[in-house]
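Presented below is the structure to which this report refers.
The values are calculated or read from the model by the stated rules, or taken from the named source; none is laboratory data. Nothing here was measured: the structure is a model prediction, and the numbers come from that model. Cβ atoms come from the backbone with ideal geometry, glycine included; neighbour counts cover every protein chain shown. These area figures cover heavy atoms from the full protein model, side chains too; ligands, DNA and RNA do not enter into them. Shrake-Rupley method; radii C 1.70, N 1.55, O 1.52, S 1.80 Å.
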Amino acid sequence: MAGRWYLAGGGGAEDSRLLDEAFATEIDAGPLWYWPVAMDPAERDYAGCLDWLNGVFAPLGVTGIEVWDGTDGDGNPPSRFAGFRGVYIGGGNTYRLLSAVRRHGLEEPLRRFVADGGAVYGGSAGAALLGADIDTVSHLDEDPYGTDDTGGLDVACGHGVFVHHEQRETPRVQDWARRNGRPVVALHERSGVIVEEGRATVVGFEPVWLVDETGSGVRTLEPGRTVPLGPES
C-alpha cells in the first residue's frame, strides 16, 4: 500500500498541530528521518533543530528521530530510506533544498519511499519542493544558485504549491497560475493537505485554496474536505 505526502503551510508547531498528529499516527513510533538542509548553513544548528522536532513529535509517540546534514557523511543518503517510517523535510530556502536533493540523487528514492508505504512531510520549503515547480516561492526566497530548472517533485498532480499564503495574496497566485499554465494549491500557515493517490484532504485550522491553470477559477476548501486534484477537481 502506498504512503502519503503531507504538505504544511509553514506556520509554527501549534499552527500545524493537526497535520503533525495525522503524520505521527501514520508513522507510529518511527523512526523518522529529518532533513533541515534548507536552512542557511551559517545559522544551521542541528542539535537545536533536533531538539525542536523532538519537542513536536515525542509527545505524539514518535521516537528515533535522526538528522541528515545534507552531506554523505552518514553514508550514501539514497540507500538509507529503508531504515525509516517517515521523512520530515523542513523549512528554509527552497532553492537550497532543491539543490541538496538533486546533488544527492534523492528525488526518485523519495518517490519510491512513498510508493512503498513511507510517509513524507514537507513543511514550508519542504511543501514547495513537493509541488510541480518551486518558482512559487520566488517572492519569498532568494536563489543563490541561479537555478535554471526549478521543477519540484510534482506529487500533487501538476499543482504548484504556495506556502505562507494569506487570502489577500490570491491575485499573486492567480497571476502565477496564468503565466505558468499550472494549477495551484495555496496553503495557509495554519493549514495543510494530505495527498494520496491524486486526492487532497485539507487538515488544519484554516482553508486551503485551489486555483486552476487559467488563474480564473478559485476554490476555497475548508478543513476536512477531500477533493481530486485531477481535471474534475
Problem - Selected residue (only one of 160, 146 is without any contact (Cβ under 8 Å) to a residue 40 or more places away in the chain and either in contact with a helix residue (DSSP H, G or I) (Cβ under 6 Å, 6 or more places away or on another chain) or among the β-branched types (Val, Ile, Thr) (or both)) - result: 160
Fill in the blank from the handout: The helices (runs of 4 or more DSSP H) lying wholly within the stretch 34-134 that contain at least 2 residues that are over 19 Å from residue 9 (Cβ atoms), open to solvent by 10 Å² or more (accessible area, probe 1.4 Å) and not small (Gly, Ala, Ser) are 46-57, 94-103, 107-115
Completion exercise
Pairing a residue in the stretch 34-48 that is on the phi < 0 side of the Ramachandran plot and modelled with pLDDT of 90 or more with any residue that is among the polar types (S, T, N, Q) and open to solvent by less than 50 Å² (accessible area, probe 1.4 Å), where Cβ atoms lie under 7 Å and the two sit 6 or more apart in sequence or on different chains, gives 38/93; 38/94
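Report, by residue number, each residue of the stretch 171-200 that is open to solvent by 30 Å² or more (accessible area, probe 1.4 Å) and part of a strand (DSSP E or B).
196, 199
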Completion exercise
Selection from the stretch 74-109 of residues farther than 19 Å from residue 150 by Cα and either modelled with pLDDT under 95 or aromatic (Phe, Trp, Tyr) (or both) yields 74, 75, 76, 77, 78, 79, 80, 81, 82, 83, 84, 88
Practice task
Looking only at the stretch 129-141, decide whether some residue is closer than 22 Å to residue 54 by Cα, touching an Asp or Glu at 6+ places or on another chain (Cβ under 6 Å) and not hydroxyl-bearing (Ser, Thr, Tyr).
Solution key: no
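Among 154, 133, which is under 30 Å from residue 26 (Cα atoms), within 11 Å of the chain's Cα centre (by Cα) and among the acidic types (Asp, Glu)?
From the options 154, 133, the qualifying one is 154.
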Exercise for the section: Out of the residues in the stretch 135-146 that are surrounded by fewer than 17 Cβ atoms within 10 Å (Cβ to Cβ) and of a type in the set (Ser, Thr, Tyr), state the one that is nearest to residue 194 (Cα to Cα). Expected result: 138
Problem - Residue count, the stretch 1-33 (criterion: surrounded by 15 or more Cβ atoms within 10 Å (Cβ to Cβ), in contact (Cβ under 8 Å) with a residue 60 or more places away in the chain and outside any helix (DSSP H, G or I)) - result: 11
